[in-house]
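Q: I have a structure I would like to understand better, so I am pasting it below and will then ask my questions one at a time.
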Amino acid sequence: METEAYIAIGSNLGNRELNLLQAIAEVGRLPESRVTALSSFYETSPVGTVAQDAFYNAVIRLSTRLDARSLLISMLKIEDDIFKRVRTIHQGPRRMDLDLLLYGDRIINEENLVVPHPRLAERRFVLQPLCEIAPDLLHPLIGKSVHELLDSLKSDETVVKL
């Protein structure tokens, strides 16, 4: 059975636009999976305490037969093998960051796999592109739509559509 998964993609090192395009292509090549929607690209201010350049962010919808754990493992493999991600600074600069935001309406809380993404409702750089492709999608824990979450968000993040 296919599941609709939503994945945030972000880059702030190298050619950010090319990195996003390459990540979309790599995710689209996953077995038994196909990209069914893509948001616009957004330039966003970094979140957290690490001084770094602005990100390019987007969200994709993926129809997949992969289970959530297999999908996450595949996403981490793309980060590591394709984009040579090295995790030395928490929330530091990176060529590619792939986050599993939602996996159908499932609520998963396992070691190294939490869905919905725990900070989904707090991040404009995720909610804005997600709202573009799925405004009526309900957050399975909070019970509010993406549009409602975005409207009620208090944040000083800068998110500019490219």
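Q: Sort out which residues of region 19-53 are at pLDDT 95 or above and part of a loop (DSSP other than H, G, I, E, B), and write them in order of number.
A: R29, L30, P31, E32, S39, S40, F41
Q: Residue by residue through region 54-72, note down the ones that are part of a helix (DSSP H, G or I) and in contact (Cβ under 8 Å) with a residue 40 or more places away in the chain. Give the steps one after another, and end with the answer.
A: Taking region 54-72 first, the residues part of a helix (DSSP H, G or I) are 68-72.
Selection gives A68, R69, L71, L72.
Q: To continue, here is another question. Can you name the residue in region 75-130 that is acidic (D, E), without any contact (Cβ under 8 Å) to a residue 60 or more places away in the chain and within 29 Å of E148 (Cα to Cα) and is also surrounded by the fewest Cβ atoms within 10 Å (Cβ to Cβ) among such residues? Break it down into steps so the answer makes sense when it comes.
A: Residues of region 75-130 acidic (D, E): 79-81, 97, 99, 105, 110-111, 122.
Restricting the remaining residues to those that are without any contact (Cβ under 8 Å) to a residue 60 or more places away in the chain gives 79-81, 105, 110-111, 122.
Keeping just the survivors that are within 29 Å of E148 (Cα to Cα) gives 105, 110, 122.
Numbers: D105: 13, E110: 10, E122: 15.
Only one residue tops the list, namely E110.
Q: To continue, here is another question. Kindly state which strands (runs of 3 or more DSSP E) lie completely within region 76-144 and contain at least 1 residues that are modelled with pLDDT under 95, closer than 22 Å to S63 by Cα and among the basic types (K, R). Can you show your working first?
A: Working: elements: 97-103, 108-110, 113-115.
Once the strands (runs of 3 or more DSSP E) in region 76-144 are filtered for at least 1 residues that are modelled with pLDDT under 95, closer than 22 Å to S63 by Cα and among the basic types (K, R), nothing remains.
Q: Among the residues of region 96-112, is any within 23 Å of E17 (Cβ to Cβ) and aromatic (F, W, Y)? Steps first, please.
A: We begin by selecting, within region 96-112, every residue within 23 Å of E17 (Cβ to Cβ); these are 96-101.
Then keep just the ones that are aromatic (F, W, Y); that gives none.
The answer is no, given that none of the residues of region 96-112 is within 23 Å of E17 (Cβ to Cβ) and aromatic (F, W, Y).
Q: Only one of (1) more than 22 Å from E157 (Cα to Cα); (2) in contact with a strand residue (DSSP E or B) (Cβ under 8 Å, 6 or more places away or on another chain) is not met by K77, so which one is it?
A: Against the list (1) more than 22 Å from E157 (Cα to Cα); (2) in contact with a strand residue (DSSP E or B) (Cβ under 8 Å, 6 or more places away or on another chain), K77 comes up short only on (2).
Q: Of the residues in region 1-19, how many are within 14 Å of the chain's Cα centre (by Cα) and closer than 13 Å to S33 by Cα?
A: Going through region 1-19 one residue at a time, the tally reaches 4.
Q: Look at region 5-18 and say how many of its residues are more than 27 Å from P135 (Cβ to Cβ) and either part of a loop (DSSP other than H, G, I, E, B) or charged (D, E, K, R) (or both). Before the answer, list the steps.
A: Filtering region 5-18 down to residues more than 27 Å from P135 (Cβ to Cβ) leaves 13-15, 18.
Subsequent filtering for residues that are either part of a loop (DSSP other than H, G, I, E, B) or charged (D, E, K, R) (or both) retains 13-15.
Residues meeting the conditions: 3.
Q: Moving on. Report whether or not D156 is of a type in the set (D, E, K, R) and assigned to a strand (DSSP E or B). Give the derivation first.
A: Working: of a type in the set (D, E, K, R): yes; assigned to a strand (DSSP E or B): no.
No: the conditions fail for D156.
The values are calculated or read from the model by the stated rules, or taken from the named source; none is laboratory data. Note that the structure is predicted; figures quoted are calculated from it, not measured. All Cβ positions, even for glycine, are placed from backbone atoms using ideal geometry, and neighbour counts span all protein chains on display.
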